[in-house]
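The values are calculated or read from the model by the stated rules, or taken from the named source; none is laboratory data. None of the values given here were measured: they were computed from a predicted structure. Areas reflect the complete protein model, heavy atoms only, side chains present, ligands, DNA and RNA absent. Shrake-Rupley method; radii C 1.70, N 1.55, O 1.52, S 1.80 Å.
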Amino acid sequence: MANDVLTVATATLKEMKNYYQDYLKPTTPPGALFAAKKSSVNITGYNSGKVLFQGSSAEQEAHIWKSKATTTLPSKKSTSKKPIDTPLPHGFDSWSVIGSDEVGTGSYFGPLTVVAAYVEKSQIPLLKELGVRDSKDLKDPQIIAIAKDLMTFLPFSLLNVMPEKYNQIQPTMTQGKMKAVLHNQALGHVLAKISPQKPDAILIDQFELPSTYFKHIQDQPAQIKERVYFQTKGEGHHLAVAAASIIARYAFLKGLDDLSAEAGTNIPSGAGSNVDLVAAKLLKRGGVALLGKYAKLHFANTEKAKKISGRY
């Protein structure tokens, strides 16, 4: 198993906890501020400032934070110290940009949702007036209201992979590749919608190394590569990403509501112990076949739910 260890300042440690909010584990080890699991990577942030990344993609995940680290212990598999973010051009936040983001990657229940949205520079003041900002700073009712406004006038593409379809794809495709392919498709759809107009740039909310992203999409018939930038916490760099994130969050919440209505029980987000109990109830009712209509089965929650149900 590959490991990466960073040492960061207290402010960065708190920023990391906020960043991994959707992936937090219900318990933390002694001396830790947070523990999270994102896809195949376990992240533990200690009060001392040490942050441990463990898993097959540990190096890639750690790269997100290396530019903010005070010291770095290299991965067992690689000593690369290439920063993951590259500086954006001056004045980028006032450009006409297509932004893209995804929601649901760390939630056991519900869809994987990717949205790309185009914000023309003349629309930036309107988006600010509507309250568009980082979706993590908004409550769900605000997100729903703002998303409904944005969807009336912004060119956007929304790709929603519900659990049943997700479980068909996942055995042959990593979640990282799945996300990259969806981002690429959504960006292509928006470019087609605004054609012949072209954006000044495209900004993807970064979830892995750009080189890995482009490797993931190299088998796609159309590959969007022109003027593409990557930034972690992209919502803070351009309102196009913030708008995409808000629409994606709205679609994810609606997906959970639809699944809850279908299941006749509340389908929660996240991957904590509360979801294990709901999953166990679904297993008792209809086995893995039923659970697979609502949940991403490759998550560790499936095995936990099996033990709780007492049938496996």
Next item on the list: Sequence neighbours fewer than 8 away in the same chain don't count; with that in mind, list the aspartates and glutamates whose C-alpha is under 15 Å from Lys17.
Entry: Glu61, Asp137
Notebook entry, point to check: Just the accessible area for Phe53, please: 1.4 Å probe, Å², rounded to the nearest 10?
Noted result: 0 Å²
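Taking 8 Å as the Cα distance limit and 6 or more residues as the minimum spacing, I'd like the relative contact order of the stretch 160-312 as a percentage.
Value for the stretch 160-312: 25 percent.
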Check: For the stretch 211-275, what percent of Cα pairs sit more than 13 Å apart?
Finding: 76 percent
Note to self: Can you tell me what percent of all Cα-Cα pairs in the chain are more than 27 Å apart?
What the structure shows: 45 percent
Next item on the list: Mind running the shape call on the stretch 249-291? Use the C-alpha gyration tensor, a ≥ b ≥ c as the square roots of the eigenvalues: rounded below 1.5 for a/c, prolate if a/b tops b/c, oblate otherwise.
Entry: oblate
Check: Of Lys14/Lys139; Lys37/Lys66; Lys25/Lys179; Lys38/Lys136; Lys38/Lys304; Lys136/Lys225, which pairs sit farther than 25 Å apart, going by alpha carbon to alpha carbon?
Finding: Lys136/Lys225
Next item on the list: Quote the relative contact order of the chain in percent (integer), defining contacts as alpha-carbon pairs under 8 Å separated by 6+ residues.
Entry: 22 percent
Note to self: Between the stretch 11-57 and the stretch 128-169, how far is it from one alpha carbon centroid to the other, in angstrom?
What the structure shows: 26 Å
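Give the Kirkwood hydrodynamic radius (Å, one decimal) of the stretch 199-312, defined as one over the mean of 1/r across all pairs of different Cα atoms.
When all Cα pairs of the stretch 199-312 are included, the Kirkwood radius is 16.9 Å.
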Note to self: Using amide H atoms built in the peptide plane, which far-off residues or other-chain residues are under 5 Å from Tyr108 H to H?
What the structure shows: Gly270, Ala271
Notebook entry, point to check: Which value at 222 nm does the chain reach when only helices count, each DSSP H run of 4 or more adding -39,500 (n - 2.57), with the total divided by all residues and rounded to the nearest 500 deg cm²/dmol?
Noted result: -12000 deg cm²/dmol
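Over the chain, average the accessible area per residue using a 1.4 Å probe and give it in Å², no decimals.
Values: 14140 Å² over 312 residues.
Per residue, the chain has an accessible area of 45 Å².
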Notebook entry, point to check: Among rounded, prolate and oblate, which fits the stretch 92-158 when a ≥ b ≥ c are the square roots of the eigenvalues of its C-alpha gyration tensor, a/c under 1.5 means rounded, and a/b larger than b/c means prolate?
Noted result: prolate
Item checked: Difference of contour (0.36 nm per residue) and Cα-Cα distance, Gln21 to Ala145 -> 42.4 nm
